[in-house]
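Just below is one structure, and these are the notes that go with it.
The values are calculated or read from the model by the stated rules, or taken from the named source; none is laboratory data. These figures come from a predicted structure and were not determined experimentally. Glycine gets a Cβ as well: all are built from the backbone with ideal geometry, and neighbour counts include every protein chain shown.
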């Protein structure tokens with residue numbers, strides 16, 4: 001007989017939006033085992049032991065000793081940590097000043113300390129961390145809101161409505177840490193008082209599990225391209241499934257929770273491009289596709305590997321391998337939208353490469369072996385960190401190497417890259433994008449491109465600001481580096497690119513060859529009607545070992561003004577007729593002058609240094625230092641039909 005809870009859960013499953021998608025990859029996760037079958041696939045609650053219990057000292061002796069030692073040292077340093085409250089005024093800062101970081105510093109630190117103490121106690125089993133862990137659990141349970149103040153509705157003005165539970169990224173993270181504390185240390189807690197576990201169960205259910213089973217959240221569903229879920233979906237689901245598996249003893253209820261989470265995950269996977277391209281960029285890949293992978297690993301732990309079939313799916317493989325296909329060099333990655341330019345891989349990528357059978361990805365992940373994760377790593381994906389703690393150490397003997405493909409084309413995402421030489425960061429590299437101005441973490445940047453030389457930036461995408469209250473509101477495009485005139489795109493008749501899905505590229509194509517590779521698009525649809533653009537056909541060509549050439553063929557209804565913009569992280573100056581020099585420096589600080597050649601009878605160049613003065617500029621300073629310059633090429637006598645050419649090469 002079904003309980004009321006189970007009836008409600010099953011009823012809600014039937015209400016999920018129908019998706020008009022190709023059948024090939026639709027419902028990859030929920031379609032294999034239907035709701036009635038799932039209880040027979042999952043290992044029953046009372047027999048599931050994903051990781052050793054604390055008394056299994058032989059089991060814990062297999063944990064990575066270097067990670068464990070670093071964790072214990074961190075926990076020791078925080079034995080006297082005074083678990084702070086989170087004052088209302090700290091949460092109110094998001095509404096009063098736009099600052100979100102002060103609240104997050106306090107909230108995140110508490111969870112980081114608690115997660116490390118849990119692992120440290122498991123490593124030692126001496127009991128010296130138990131009381132601090134209890135203090136941490138109790139302190140976090142007494143908070144009014146487990147999430148980020150910045151994730152609350154604007155009308156809340158920085159304080160949680162405790163009568164309306166909602167689940168954001170960090171509410172899910174918090175619940176997961178508490179669920180693992182219950183799994184590993186429940187008997188230790190009960191020896192003190194049964195109230196600790198009662199509190200954990202009550203808070204996790206009322207704040208996270210019940211709302212997820214009874215309410216729609218915006219990050220869950222896909223009904224149109226504008227509502228396509230972003231990284232929140234798999235990140236929260238990885239914590240949701242962990243909590244369900246660890247805390248719910250009734251196997252029917254447990255499987256109903258997991259099945260609902262799988263349907264929500266499918267709302268992320270179903271509309272994902274077949275080419276695996278991420279509009280959020282590589283900076284969010286770990287919290288999106290990386291989190292999706294964590295879900296699959298967790299499901300395999302809970303089902304005797306019943307979900308390994310996902311690793312054979314070509315679309316899933318494409319989603320995974322995106323991360324190494326956009327790597328520019330050891331330290332830099334393609335960074336359109338809110339992604340940052342500095343990035344590499346991680347040793348965890350090695351496991352993904354092994355699971356999906358991709359040698360390039362495994363080699364990419366192995367290239368980042370040897371480093372011991374810092375103690376703050378346990379905050380985001382605690383379940384994934386436990387997996388990493390027990391991962392086999394065959395990575396130490398695995399071959400290493402960055403794949404660095406010669407040419408990469410994501411036809412759905414409309415992003416292309418090309419480099420002088422396969423497998424090497426030496427020489428010239430470019431990346432360019434089409435797409436829309438309605439992408440997740442969007443910048444208004446259709447037609448934007450970047451140029452690197454010897455693995456270091458020359459023409460750049462400035463990237464994300466530091467997130468503040470303004471970042472994800474209707475005032476987002478008041479932030480300068482999100483706007484098209486601070487990307488490598490033109491301002492046409494005084495108009496820049498607006499935001500929205502209907503502002504998009506057309507006639508996008510890619511042509512790769514041994515001597516040259518080109519990316520072409522028509523940018524006209526990226527501009528408002530007031531700009532009067534019939535066509536703006538841009539072609540970016542890498543002539544290998546020679547130059548990057550940008551050629552714009554234009555057709556305008558009227559020609560009042562045109563300014564071409566280029567962004568760089570080096571000083572630049574006009575050094576001759578039709579010649580602008582960028583004072584690039586190589587990794588050793590040696591000057592390597594680059595020249596941009598242009599028609600000086602057609603355009604006049606000026607260089608301005610961008611002042612980095614606001615709180616949101618802090619991330620720009622972290623990425624580029626105080627070294628952001630905008631080069632403006634003002635067209636002297638605009639014409640309705642014209643051709644603009646820039647040739648970028650060594651002097």
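For segment 334-347, the set of residues classified as without any contact (Cβ under 8 Å) to a residue 60 or more places away in the chain, under 27 Å from residue 467 (Cβ atoms) and surrounded by fewer than 23 Cβ atoms within 10 Å (Cβ to Cβ) consists of 344 only. With respect to the conditions (1) modelled with pLDDT of 95 or more; (2) closer than 27 Å to residue 627 by Cβ; (3) over 31 Å from the mean Cα position of the chain (by Cα), residue 514 falls short on a single one, namely (2). Checking segment 120-128 against the condition returns no match, with no residue being within 31 Å of the chain's Cα centre (by Cα), touching a residue at least 24 places away in the same chain (Cβ under 8 Å) and under 27 Å from residue 229 (Cβ atoms).
When the strands (runs of 3 or more DSSP E) confined to segment 536-623 are screened for residues that are in the same structural domain as residue 492 (by TED's automatic domain parsing) and buried (at least 18 other Cβ atoms within 10 Å of the Cβ), those reaching at least 2 such residues are found at 547-556, 562-568, 579-582, 594-597, 603-609. The single residue among 269, 264, 258 that is under 23 Å from residue 47 (Cα atoms), in the same structural domain as residue 37 (by TED's automatic domain parsing) and touching a residue at least 24 places away in the same chain (Cβ under 8 Å) turns out to be 258. The set of residues from segment 624-648 being buried (at least 16 other Cβ atoms within 10 Å of the Cβ) and assigned to a strand (DSSP E or B) comprises 629, 630, 631, 632, 633, 635, 642, 644, 646, 647, 648. Would you check which residues across segment 185-208 are out of contact with any helix residue (DSSP H, G or I) (no Cβ under 6 Å at 6 or more places or on another chain) and closer than 24 Å to residue 296 by Cα and list them? 205 - this is the single residue of segment 185-208 that is out of contact with any helix residue (DSSP H, G or I) (no Cβ under 6 Å at 6 or more places or on another chain) and closer than 24 Å to residue 296 by Cα.
Please tell me if residue 522 is surrounded by fewer than 20 Cβ atoms within 10 Å (Cβ to Cβ) and on the phi < 0 side of the Ramachandran plot.
Spelling it out, it is not the case that residue 522 is surrounded by fewer than 20 Cβ atoms within 10 Å (Cβ to Cβ) and on the phi < 0 side of the Ramachandran plot.
Within segment 595-624, the set of residues being under 28 Å from residue 647 (Cβ atoms) and without any contact (Cβ under 8 Å) to a residue 40 or more places away in the chain comprises 600, 601, 604, 605, 606, 607, 608, 609. Just to be sure before I move on: is residue 61 modelled with pLDDT of 95 or more and surrounded by 12 or more Cβ atoms within 10 Å (Cβ to Cβ) in the structure I sent? Spelling it out, it is not the case that residue 61 is modelled with pLDDT of 95 or more and surrounded by 12 or more Cβ atoms within 10 Å (Cβ to Cβ).
If residue 160 passes every condition in (1) out of contact with any helix residue (DSSP H, G or I) (no Cβ under 7 Å at 6 or more places or on another chain); (2) within 29 Å of residue 46 (Cα to Cα); (3) crowded, with 17+ Cβ neighbours inside 10 Å but one, which one does it miss? Evaluating residue 160 over (1) out of contact with any helix residue (DSSP H, G or I) (no Cβ under 7 Å at 6 or more places or on another chain); (2) within 29 Å of residue 46 (Cα to Cα); (3) crowded, with 17+ Cβ neighbours inside 10 Å leaves (2) as the failure.
The set of residues from segment 251-276 being assigned to a helix (DSSP H, G or I) and either out of contact with any helix residue (DSSP H, G or I) (no Cβ under 9 Å at 6 or more places or on another chain) or under 18 Å from residue 205 (Cα atoms) (or both) comprises 251, 252, 253, 254, 255, 256, 257, 258, 259, 260, 261, 266. Checked against the criterion of being surrounded by fewer than 24 Cβ atoms within 10 Å (Cβ to Cβ) and in contact with a strand residue (DSSP E or B) (Cβ under 6 Å, 6 or more places away or on another chain), segment 226-246 contains one or more residues that satisfy it.
Okay, residues lined up against (1) part of a helix (DSSP H, G or I); (2) modelled with pLDDT under 95; (3) surrounded by fewer than 22 Cβ atoms within 10 Å (Cβ to Cβ):
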site: 451; (1), (2), (3): no, no, no
site: 465; (1), (2), (3): no, yes, yes
site: 474; (1), (2), (3): no, yes, yes
site: 477; (1), (2), (3): yes, no, yes
site: 488; (1), (2), (3): no, no, no
site: 502; (1), (2), (3): no, no, yes
site: 507; (1), (2), (3): no, no, yes
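Could we say that residue 172 is touching a helix residue (DSSP H, G or I) at 6+ places or on another chain (Cβ under 8 Å), within 23 Å of residue 198 (Cα to Cα) and free of Cβ contacts under 8 Å to residues at least 40 places away in the same chain here? No; evaluated as a whole, the condition is false for this residue. The single condition among (1) outside the structural domain of residue 303 (by TED's automatic domain parsing); (2) under 30 Å from the mean Cα position of the chain (by Cα); (3) farther than 26 Å from residue 138 by Cα that residue 42 does not satisfy is (1).
So which residues in segment 101-129 are outside any helix (DSSP H, G or I) and either touching a strand residue (DSSP E or B) at 6+ places or on another chain (Cβ under 9 Å) or surrounded by fewer than 23 Cβ atoms within 10 Å (Cβ to Cβ) (or both), if there are any at all?
125, 126, 127, 128 - these are the residues of segment 101-129 that are outside any helix (DSSP H, G or I) and either touching a strand residue (DSSP E or B) at 6+ places or on another chain (Cβ under 9 Å) or surrounded by fewer than 23 Cβ atoms within 10 Å (Cβ to Cβ) (or both).
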